[in-house]
1. Ordered by packing density, taken as the mean number of other Cβ atoms within 10 Å over each peptide's residues, highest first, how do 136-147, 110-121, 29-40 rank?
2. Which FRET efficiency value, to the nearest 0.05, is calculated for N150 and S112 with the Förster distance at 35 angstrom and r the Cβ-Cβ distance?
3. All other residues with a Cβ under 11 Å from the Cβ of L24 taken together, and with Lys, Arg as +1 and Asp, Glu as -1, what is their net charge?
4. Identify which of D106, D123, D61 has the largest mean-square fluctuation in a Gaussian network model of the chain, with springs joining Cα atoms closer than 10 Å.
5. Please give the charge dipole size of the chain, origin at the Cα centre, charges +1 on K and R Cβ atoms and -1 on D and E Cβ atoms. Round to the nearest 20 debye.
6. For region 26-40 and region 53-106, what is the separation of their C-alpha centers, rounded to whole Å?
7. In the neighborhood of W15, defined by Cβ-to-Cβ distances under 13 Å, what is the net charge if each Lys or Arg adds +1 and each Asp or Glu adds -1?
8. If I model a spin label at L85 and A172 as a point 7 Å from the Cα along the Cα→Cβ vector, what separation in nanometres do I get?
Amino acid sequence: MGSTQTATFGGGCFWCVEAAFKELDGISEVTSGYAGGQTENPSYEQVCSGNTGHAEVVQVDYDPAVVGYDELLEVFFAVHDPTQLNRQGPDVGTQYRSIVLFHDDDQERQASAYIEALDEEYDDKVVTELVPLETFYEAEEYHQDYFEKNPDDAYCQFHASPKIEKVREKFADKLAN
């Protein structure tokens with residue numbers, strides 16, 4: 001793998017988003033965590049309370065020579081509903097909001113253009129938040145690689161598995177071997 005860049009996305013439960021991104025070629029690491037809030041070094045329980053301002057997010061380390069940021073945006077928006085305000089499926093609260101946390105001006109420009117174009121495709125307004133990443137806090141170890149470690153978990157079967165299948169079908173040419 002060449003030099004890597006980092007992207008940060010939140011679209012509901014981080015277990016599902018993490019599992020979807022791990023399917024792609026050019027991804028060296030996907031880390032679940034918290035960002036977008038005001039509480040320093042929050043715990044999962046604190047984030048779940050909805051009082052920290054943080055969203056459940058994933059940081060994706062990727063090789064831009066293999067997979068571009070534009071392709072990451074495409075996958076991200078394919079695996080969640082960006083018109084649901086502060087929720088994804090059964091998960092409700094600001095911690096489950098749709099959010100893109102950009103790392104530089106180029107990511108901001110690309111994400112802004114993508115969201116604007118996407119807004120034309122939906123009947124409902126796209127509510128994805130677009131903000132600069134200030135601080136990323138890594139989630140507790142038991143959240144990392146959750147789907148891989150717990151493939152038979154009921155939540156994973158009902159919510160993560162369909163997202164993985166969607167990535168495998170829609171982005172077959174971008175999958176890791």
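Bear in mind these aren't lab numbers, they're just calculated from the coordinates by the rules spelled out. Please read these numbers as outputs of a predicted model, since none were measured by experiment. Glycine gets a Cβ as well: all are built from the backbone with ideal geometry, and neighbour counts include every protein chain shown.
1. Working: 136-147: 16.4, 110-121: 14.5, 29-40: 19.3.
In decreasing order of mean packing, 136-147, 110-121, 29-40 become 29-40, 136-147, 110-121.
2. Values: r = 36 Å, r/R0 = 1.02.
E between N150 and S112, to the nearest 0.05, is 0.50.
3. Numbers: positive: K22, R168, K174; negative: E23, D25, D63, E71, E74, D173.
Every neighbour counted, the sum reads -3.
4. Residue with maximal mean-square fluctuation among D106, D123, D61: D123.
5. Values: 11 positive and 36 negative charges, 69 e Å.
Once rounded to the nearest 20, the dipole reads 340 debye.
6. 10 Å
7. Details: positive: K22, K149, K163; negative: E18, E56, D91, E140, D145, E148, D153.
Spelling it out: positives minus negatives among the neighbours equals -4.
8. Rounded to a tenth, the inter-label distance reads 4.0 nm.
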